[in-house]
Amino acid sequence: MSFEVWPPPSDPELAWQERALCAQTDPESFFPEKGGSTREAKRVCTTCEVRDDCLEYALAHDERFGIWGGLSERERRKLKKRA
Ligand code: SF4
């Protein structure tokens, strides 16, 4: 095996994750237990600079769990239906 490029280049589709605000906060608030509060996670998302990329990624990959781009799974489903 050759390691000409090390570390390997990261997936450009995921480059936005390097600027994800949630990475600096409590990740558990983004994946609350059923019925748990999503308010804190959504509050963080409102100030996240990669919110659009995050939401786009979640919609494209049909992410089922957690808060992505400031929306819950149910909110993302509604958004997809409207599109
Ligand atoms: S929009 Fe929210 S879930 Fe997405 S990266 Fe930013 S903080 Fe994380």
- Over segment 15-61, the set of residues within 11 Å of the ligand (Cβ to nearest atom), over 18 Å from Arg77 (Cα atoms) and among the polar types (S, T, N, Q) is Gln17, Gln24, Thr25, Ser29, Thr46, Thr47
- Task: Tell me which residues, restricted to segment 42-54, are surrounded by 10 or more Cβ atoms within 10 Å (Cβ to Cβ) and within 16 Å of Arg19 (Cα to Cα).
- Result: Val44, Cys45, Cys48, Glu49, Val50, Arg51, Asp52, Asp53, Cys54
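Yes/no per residue for (1) assigned to a loop (DSSP other than H, G, I, E, B); (2) at pLDDT 90 or above; (3) surrounded by 12 or more Cβ atoms within 10 Å (Cβ to Cβ):
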residue	(1), (2), (3)
Ser10	yes, no, no
Gln17	no, yes, yes
Ala23	no, yes, no
Gly35	yes, no, no
Glu40	no, yes, yes
Glu56	no, yes, yes
Asp62	yes, yes, no
Phe65	yes, yes, no
Glu75	no, yes, yes
- Message: Among the residues in segment 62-82, are any within 13 Å of the ligand (Cβ to nearest atom), among the polar types (S, T, N, Q) and within 9 Å of the chain's Cα centre (by Cα)?
- Response: no
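The values are calculated or read from the model by the stated rules, or taken from the named source; none is laboratory data. Note that the structure is predicted; figures quoted are calculated from it, not measured. So basically every Cβ, Gly included, is an ideal-geometry build from the backbone, and we count neighbours across all protein chains shown.
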